[in-house]
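Some notes on the structure that comes next.
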Amino acid sequence: MMIHLKRNWVAKLLSILAAIVMWFFIMRDQNPVMEVTYNVPIQVQNLESNYIIEDAPASARVVLSGPRDTIITMKADVLKAYIDASGVKPGQNNVTITFTPPAGMTLVEVKPDNITINVDEYAERKLPVEIVPLGKFSDDVALKSVTIVPKEVTVSGRKQQVNAAAKVVMKVNLTGQTKNFSSVGALEAWDNSGNVLDVHVNPAQGQAQYELNLLRKDKAVPINVPTTGTVADGYEVKSITQSPSQLTITGREEIVDSVNEIQTEPIDISSVNTPIQGTYNLVLPNGISSNVSTVRIKIDVQKKENT
């Protein structure tokens with residue numbers, strides 16, 4: 001009886017083991033182990049605030065293995081590789097890229113797993129912004145004022161590069177500009193030789209507001225004929241005509257803008273009882289010129305009609 005029970009127990013145990021093995025193979029077929037490759041961003045940890053790292057790769061190639069279901073449900077954007085920079089010093093440093101796989105996954109490899117990084121001291125300075133003009137204004141345009149925003153920026157980065165910065169510049173094209181204008185452009189840090197430095201400029205853009213004066217502006221204005229005195233009793237001025245009726249004046253912008261008409265020399269019509277006509281001089285304000293200096297004028301004087 002005992003032998004029979006022992007044999008039954010062994011048979012049952014073998015059956016259970018066989019079932020486990022069969023389940024394993026079935027699950028392996030239904031949820032097989034797979035390998036997958038990711039480009040994982042590299043984060044720098046424990047870097048002292050007065051240091052800056054150059055030439056560090058932005059990402060590492062990470063190969064993971066795990067069940068298909070785990071791989072499918074895993075979010076790749078949570079994967080991160082790390083560099084421990086707690087012991088680095090200025091100069092070249094060899095560091096290890098570390099990666100911890102998510103639960104249920106196995107790390108196969110990380111490439112690269114060791115890299116050489118350049119470490120420099122971090123520095124920052126404040127520098128004023130200057131304009132570098134491209135081209136020039138035409139001869140009849142003068143600069144009235146220029147306003148730069150911001151007037152001062154912060155330059156930061158490697159100490160050697162920051163210390164070499166002589167100025168921060170913004171390029172502005174002046175060619176063809178005749179009116180007030182605004183220009184927006186990138187800000188660059190230059191050394192004394194005009195070389196662009198590899199530093200961070202904050203803010204990265206500037207704005208220049210230009211106010212211009214035209215040294216020579218043309219404008220068409222009407223001609224006005226002033227008179228003095230009064231015509232003879234019983235007579236009246238019916239009309240005043242001039243040829244030309246308008247002319248083009250030239251001068252500095254602010255002067256030209258203030259002139260709305262040009263007058264002739266005054267014409268005396270005292271006691272006149274007949275039409276007047278003749279050539280009269282124009283009176284040009286200071287700073288104004290014109291290719292017309294005289295004008296032909298006719299004043300029609302007639303006897304008043306009885307009413």
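The values are calculated or read from the model by the stated rules, or taken from the named source; none is laboratory data. Since this is a predicted model, take the numbers as computed values, not measurements. Glycine gets a Cβ as well: all are built from the backbone with ideal geometry, and neighbour counts include every protein chain shown.
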Next item on the list: State all residues of segment 289-307 that are in contact with a Ser or Thr (Cβ under 7 Å, 6 or more places away or on another chain) and β-branched (Val, Ile, Thr); if no residue qualifies, say none.
Entry: THR294, VAL295, ILE297, VAL301
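Starting from residues that are of a type in the set (Ser, Thr, Tyr) and under 13 Å from LEU247 (Cα atoms), keep the ones in segment 270-298 and report whichever is surrounded by the most Cβ atoms within 10 Å (Cβ to Cβ). If you could, list the steps in order and put the result at the bottom.
Initially, segment 270-298 is screened for residues of a type in the set (Ser, Thr, Tyr), giving 270-271, 274, 279-280, 289-290, 293-294.
Adding the requirement that they be under 13 Å from LEU247 (Cα atoms) leaves 289-290, 293-294.
Working: SER289: 11, SER290: 15, SER293: 10, THR294: 12.
Among those residues, the one meeting the criterion is SER290.
Regarding VAL95, is this residue assigned by TED's automatic domain parsing to the domain that holds PHE181, closer than 24 Å to GLU48 by Cβ and either under 37 Å from the mean Cα position of the chain (by Cα) or assigned to a strand (DSSP E or B) (or both)?
Details: assigned by TED's automatic domain parsing to the domain that holds PHE181: no; closer than 24 Å to GLU48 by Cβ: yes; either under 37 Å from the mean Cα position of the chain (by Cα) or assigned to a strand (DSSP E or B) (or both): yes.
For VAL95, the condition - assigned by TED's automatic domain parsing to the domain that holds PHE181, closer than 24 Å to GLU48 by Cβ and either under 37 Å from the mean Cα position of the chain (by Cα) or assigned to a strand (DSSP E or B) (or both) - is not met.
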Next item on the list: List every residue pair whose Cβ atoms lie under 9 Å apart, where the two residues are 6 or more positions apart in sequence or sit on different chains, the first residue falls within segment 53-66 and is in contact (Cβ under 8 Å) with a residue 60 or more places away in the chain, and the second residue, located anywhere, is assigned to a strand (DSSP E or B) and exposed (fewer than 12 other Cβ atoms within 10 Å of the Cβ).
Entry: ASP55/THR116
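Can you find even one residue in segment 245-264 that is touching a helix residue (DSSP H, G or I) at 6+ places or on another chain (Cβ under 9 Å), surrounded by 16 or more Cβ atoms within 10 Å (Cβ to Cβ) and of a type outside the set (A, V, I, L, M, F, W, C)?
Here is the first cut: in segment 245-264, the ones touching a helix residue (DSSP H, G or I) at 6+ places or on another chain (Cβ under 9 Å) are 249-250.
If we keep only those that are surrounded by 16 or more Cβ atoms within 10 Å (Cβ to Cβ) as well, we get 249-250.
Right, trim to of a type outside the set (A, V, I, L, M, F, W, C) and you get 250.
Looking through segment 245-264, at least one residue is touching a helix residue (DSSP H, G or I) at 6+ places or on another chain (Cβ under 9 Å), surrounded by 16 or more Cβ atoms within 10 Å (Cβ to Cβ) and of a type outside the set (A, V, I, L, M, F, W, C).
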Margin query: Within segment 136-165, take every residue that is at pLDDT below 95, assigned to a loop (DSSP other than H, G, I, E, B) and not charged (D, E, K, R) and give me the one that is nearest to ALA204 (Cα to Cα).
Written below: PHE137
Margin query: Being assigned to a strand (DSSP E or B) and surrounded by fewer than 16 Cβ atoms within 10 Å (Cβ to Cβ) is the filter here; which residues of segment 126-135 pass it?
Written below: LYS126, PRO128, GLU130, VAL132, PRO133, LEU134
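Scanning for something β-branched (Val, Ile, Thr), surrounded by fewer than 16 Cβ atoms within 10 Å (Cβ to Cβ) and either assigned to a helix (DSSP H, G or I) or under 39 Å from the mean Cα position of the chain (by Cα) (or both), does segment 45-64 turn up at least one residue?
So in segment 45-64, the residues β-branched (Val, Ile, Thr) come out as 52-53, 62-63.
Now narrow it down to the ones that are surrounded by fewer than 16 Cβ atoms within 10 Å (Cβ to Cβ): 63.
Filter once more, so that each one left must be either assigned to a helix (DSSP H, G or I) or under 39 Å from the mean Cα position of the chain (by Cα) (or both): none.
No.
Among the residues of segment 117-161, which ones are closer than 30 Å to VAL88 by Cβ and without any contact (Cβ under 8 Å) to a residue 40 or more places away in the chain?
Of all residues in segment 117-161, those closer than 30 Å to VAL88 by Cβ come to 117-127, 153-161.
Those that are closer than 30 Å to VAL88 by Cβ and without any contact (Cβ under 8 Å) to a residue 40 or more places away in the chain: GLU124, LYS126, LYS159, GLN161.
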Item checked: Subset of segment 183-195 [polar (S, T, N, Q) and within 19 Å of VAL153 (Cα to Cα)] -> SER183, ASN192, ASN195
Margin query: Given (1) surrounded by 17 or more Cβ atoms within 10 Å (Cβ to Cβ); (2) hydrophobic (A, V, I, L, M, F, W, C); (3) in the same structural domain as HIS200 (by TED's automatic domain parsing); (4) part of a strand (DSSP E or B), identify the lone condition not met by ILE83.
Written below: (3)
Next item on the list: Could you list all residues from segment 219-237 that are exposed (fewer than 12 other Cβ atoms within 10 Å of the Cβ) and assigned to a strand (DSSP E or B)?
Entry: ALA220, THR228
